[in-house]
Amino acid sequence: MASAENGASGIAEALAEIQGNRGRLYCEHAVDACIRLFNEKGFEFDEAS
């Protein structure tokens, strides 16, 4: 269970990173697509990933 919590925390940190550097370090279109996948479409990695 702790690994799932760590995974969610890692995803949140990664999303914050790409949002914070959108247009500077990361392509705006790629960031927007990624954010949409996780926040609007409910994308989740398989537990084995």
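The values are calculated or read from the model by the stated rules, or taken from the named source; none is laboratory data. Keep in mind the model is a prediction, meaning the values are calculated, not measured. FYI the Cβ positions are ideal-geometry reconstructions off the backbone, even for glycines, and counts take in every protein chain you see.
Details
- So G20, is it at pLDDT 90 or above and not aliphatic (A, V, I, L, M): yes
- Once segment 24-49 is narrowed to residues that are charged (D, E, K, R) and part of a helix (DSSP H, G or I), the residue that is surrounded by the most Cβ atoms within 10 Å (Cβ to Cβ) is D32.
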